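Q: Quick one: the structure is below, questions incoming.
The values are calculated or read from the model by the stated rules, or taken from the named source; none is laboratory data. Source: prediction; values computed, not measured. Note that each Cβ is placed from the backbone with ideal geometry, even for glycine, and that neighbours are counted across all protein chains shown. The area values use the complete protein model at the heavy-atom level, side chains included, leaving out ligands, DNA and RNA. Shrake-Rupley method; radii C 1.70, N 1.55, O 1.52, S 1.80 Å.
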Amino acid sequence: MDEAFLWSAEVLAAQGRLPEGVSIEEITWLKRLRQGLDKTRRSLVNQLRAIVGQGPLNQAGVTEIESLLLQADVGIDATDYIIEALQARLRQEALPPSEAIAYLKQILRDMLDKPLGDSHSLSFVPEKDMLNIWLITGVNGAGKTTTIGKIAHIAQKSGYRCLIAAADTFRAAAVQQVKVWGERSNVEVIANPGKNTDPAAVVFDAIIAAQARHAELLLVDTAGRLQNKKNLMDELSKIRRIIDKKAPGAIVESLLVLDSTLGQNGLRQAEVFSEVAKLSGVVLTKLDGTAKGGIALAVVQQLGLPIRFIGAGEGIEDLRPFSSYEFVEALLSG
Amino acid sequence: MFDALADRLESAWKKLRGQDKISESNIQEALREVRRALLEADANLQVVKDFVAEVQTKALGAEVIAGVNPAQQFIKIVYDELVAVMGEENAPLANVTTAPTIVLMAGLQGTGKTTATAKLALHLRKQDRSTLLVATDVYRPAAIDQLITLGKQIGVPVFEMGKDADPVEIARQGVEKAQADGIDTVIIDTAGRLQIDESMMAELAQIKNTVTPHEVLLVVDAMTGQEAANLTRTFHEQIGITGAILTKMDGDTRGGAALSVRQISGQPIKFIGVGEKVEALQPFYPDRMASRILGMGDVLTLVEKAQEEVDFAEAEKLQEKILTAKFDFTDFLKQTRLMKNMGSLAGIVKLLPGMGNKLSDEQLQQGEVQLKRSEAMINSMTQEERRNPDLLSGSPSRRRRIAKGSGYSLEDVSKLVSDFQKMRSLMQQMGQGQLPGMGMPGMGGMGGMFGAPSMGPGTPPPGWRGYNSPAPSKKKKKEKKKKGFGSL
């Protein structure tokens, strides 16, 4: 029984989970998440203890916490918001460090859960017995194709009839990459053999195929595009229009894949993609490094987009539904 | 590229305007803005702290120069410091006397190593250096295919041993092959890896020890946040890097990572990736980047771009024509195509001093659309009409025919013709010396491009917000323009 295992068990218990219902996979995954966020966790807590413990925050304390959050890539606006909320509380009463941190966690969790409203549920899954289309978008190198591979695996394992549309027709060998993932999870990939074909056409074909085969989940892989490239963003909005037009009855989820090593440009990405692809959520990838993923807070706070999945690792199982509780615990626990 | 940071800094020194001396008290607000701006630009916190402290010391110690207001002086101090932090001058790629030069690429997943590898090969080919690419990324699905495809695109051989081979062995044999084939430079593409992944870092170290590269380039995504400092530190400590390539610089990221990478490793940024095409790699020039950060435009890059594309004999002929008002639609079309070769209108305008922030993306898009329309209409003209625009002014039926042929309305064509005539008379005045300073060969048409036919008369002139130009008058702008355009 190592410390990380105990911590994972505590987190799950605090969520009201019974030991019988917890799988080994879940524990392993939580451990990995904690490991990824380790650096943030330690520096944030230790320094907050030193500062917050002395009662109401003085100017130096505010500057220090501001710096800490900024260093976790939380961003200036979200940081200001957090600081103000914390300060308002500390003005009312001087809190010992542990309580102050508990309050800080509460603030963070509330921020993360707000976009979900009252319908808060941990399970974000496709609807059974009807077509769900998940459009996966993002800038170059965010981890879209890998995320698709992982989602396809989970979906297949959970008994969904799944299809992948390989609509990244631009990058060299992108179609091969998604095909390898398709093979790994035994999911068929719809692709166009031609070179530099219109990705919207691939999506069109894939929707027809999905409808013909009564597929339940169609995952659409798109080419990475920087949000300031007007032509590429137009192409994306065309894909989105085709989906809305050709599959009017389908449940469409439009997910932005965000690299957690990203800085403040992540916010800009979310803004622009949101407009073009009508985003309904975010997938946060590469949380297994020392990256802090603080940009997630900024995205959630400023755009009201919920985080749906977290990717931590390159293995096919390393994608999990997002839970603010786990995320914040991992970010701040001492 | 760094537009947003420039905006922030501008608001910082706006607060200094109207003050006649830099003092401890009036500089605080500006320093705070610089700090927040750099943090928001994702520069590392520690780097920012050092930077701001240095700027403060220098600003307070600065002699007040007569005729220069404190805001301008402050800008110069920030600019100089930025240049200093980013490393003064461009550092070229290593080139050893006994070939092959061995280059090892390293970095996290998704930063663009494979793409950068191909771009670098193309860059070297332009310098007549032969290259061999070595594909050692056996982990990511289809990574080897990607490099092979790119290699084919640029006509550069790729060495690979499939995905079941040992990366260290692939690298070793790749270098041997390069030696045997008499290749000038061998570039080893590696798998993306997290700096905390010990076994993967060990593998990279082993590749390095086996092939003893002359150059280890860390490929960093320009959009990276605070993490840039961590990963640079670890890669540098464990592998030892000799330089960096900053990728995805064509995005709208503020790119503070540039500061972090340089400051933490002490190694220069050698190249920047500015697009998805294989040509989109540029040498990194710290001074130019500093200008860009401060919103001063980047005339040098513009001039270089122009030099690559412009045929000088052509350019001189063209200038002659402009000055004698014989500039016709054929020339206009040539200019339009020349501009296209240099990149998008938006990309070019961003390089112009003071223009980057003045024109919105929307306006630029419109300008580009307008250029396309003009081109379509000109394509519907006969050769004679192109050479002699006066024919069109006098003949509504010719204009009607062109409207039909190009699919635009008669008004559109009439407007193009009258705008063009206006531009010609402007050019004539210029030729007679009434508007000095626009005479850069090959770029002469650009005044016209941004002027009458493309964007209407409302386009602001390329103003200059430089730190060393004290007299704020109309005259100053022209002088600056001359300096920028005339240095070709």
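Q: Hey, does the stretch A:221-230 have a residue that's at pLDDT below 90, among the charged types (D, E, K, R), surrounded by fewer than 20 Cβ atoms within 10 Å (Cβ to Cβ) and part of a helix (DSSP H, G or I)?
A: Taking every residue of the stretch A:221-230 in turn, at least one turns out to be at pLDDT below 90, among the charged types (D, E, K, R), surrounded by fewer than 20 Cβ atoms within 10 Å (Cβ to Cβ) and part of a helix (DSSP H, G or I).
Q: Would you confirm whether any residue within the stretch B:169-186 is open to solvent by 10 Å² or more (accessible area, probe 1.4 Å), out of contact with any strand residue (DSSP E or B) (no Cβ under 7 Å at 6 or more places or on another chain) and within 8 Å of another protein chain (Cβ to nearest Cβ)?
A: Within the stretch B:169-186, none of the residues are open to solvent by 10 Å² or more (accessible area, probe 1.4 Å), out of contact with any strand residue (DSSP E or B) (no Cβ under 7 Å at 6 or more places or on another chain) and within 8 Å of another protein chain (Cβ to nearest Cβ).
Q: Another question, then. Based on this model, can you work out whether residue B:114 counts as of a type outside the set (A, V, I, L, M), crowded, with 23+ Cβ neighbours inside 10 Å, part of a helix (DSSP H, G or I) and within 14 Å of chain A (Cβ to nearest Cβ)?
A: yes
Q: Only one residue in B:39, B:120, B:124 is in contact (Cβ under 8 Å) with a residue 12 or more places away in the chain, in contact with a helix residue (DSSP H, G or I) (Cβ under 8 Å, 6 or more places away or on another chain), at negative phi and aliphatic (A, V, I, L, M), so which one is that?
A: Unique residue meeting the criteria: B:39.
Q: Please pick out the residue among A:138, A:149 that is within 14 Å of another protein chain (Cβ to nearest Cβ), within 13 Å of the chain's Cα centre (by Cα) and at pLDDT 85 or above.
A: A:138
Q: I've got another one for you. Quick check on my filter: what residues within the stretch A:240-268 are closer than 19 Å to residue A:216 by Cα and of a type in the set (A, V, I, L, M, F, W, C)?
A: A:242, A:243, A:247, A:250, A:251, A:252, A:255 - these are the residues of the stretch A:240-268 that are closer than 19 Å to residue A:216 by Cα and of a type in the set (A, V, I, L, M, F, W, C).
Q: Go through the stretch A:152-174 and give me each residue that's more than 14 Å from chain B (Cβ to nearest Cβ), in contact with an Asp or Glu (Cβ under 7 Å, 6 or more places away or on another chain) and open to solvent by less than 10 Å² (accessible area, probe 1.4 Å).
A: Correct list: A:163, A:165, A:167.
Q: If you don't mind, there's one more thing I want to ask. Filter the stretch B:372-427 down to the residues that are β-branched (Val, Ile, Thr) and open to solvent by 40 Å² or more (accessible area, probe 1.4 Å) and list them by number.
A: Within the stretch B:372-427, B:382 is the sole residue that qualifies.
Q: Go through (1) out of contact with any Phe, Trp or Tyr (no Cβ under 9 Å at 6 or more places or on another chain); (2) farther than 29 Å from residue A:271 by Cβ one by one and return the number of the condition residue A:189 breaks.
A: So the condition that residue A:189 fails would be (1).
Q: Now a separate question. Mind listing whichever residues of the stretch B:141-152 are open to solvent by 10 Å² or more (accessible area, probe 1.4 Å) and either more than 7 Å from chain A (Cβ to nearest Cβ) or without any contact (Cβ under 8 Å) to a residue 12 or more places away in the chain (or both)?
A: B:141, B:142, B:144, B:145, B:148, B:149, B:152
Q: All but one of (1) open to solvent by less than 20 Å² (accessible area, probe 1.4 Å); (2) within 13 Å of the chain's Cα centre (by Cα); (3) modelled with pLDDT under 85 hold for residue B:299, so report the exception by its number.
A: With (1) open to solvent by less than 20 Å² (accessible area, probe 1.4 Å); (2) within 13 Å of the chain's Cα centre (by Cα); (3) modelled with pLDDT under 85 applied to residue B:299, the lone miss is (1).
Q: Could I ask something else about it? Given the conditions (1) over 23 Å from residue B:118 (Cβ atoms); (2) open to solvent by 10 Å² or more (accessible area, probe 1.4 Å); (3) within 13 Å of chain A (Cβ to nearest Cβ), report the number of the one that residue B:227 does not fulfil.
A: Against the list (1) over 23 Å from residue B:118 (Cβ atoms); (2) open to solvent by 10 Å² or more (accessible area, probe 1.4 Å); (3) within 13 Å of chain A (Cβ to nearest Cβ), residue B:227 comes up short only on (2).
Table: residues versus (1) over 22 Å from residue A:156 (Cα atoms); (2) of a type in the set (A, V, I, L, M, F, W, C).
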position	(1), (2)
A:197	yes, no
A:200	yes, yes
A:216	no, no
A:220	no, yes
A:230	yes, no
A:236	yes, yes
A:250	no, yes
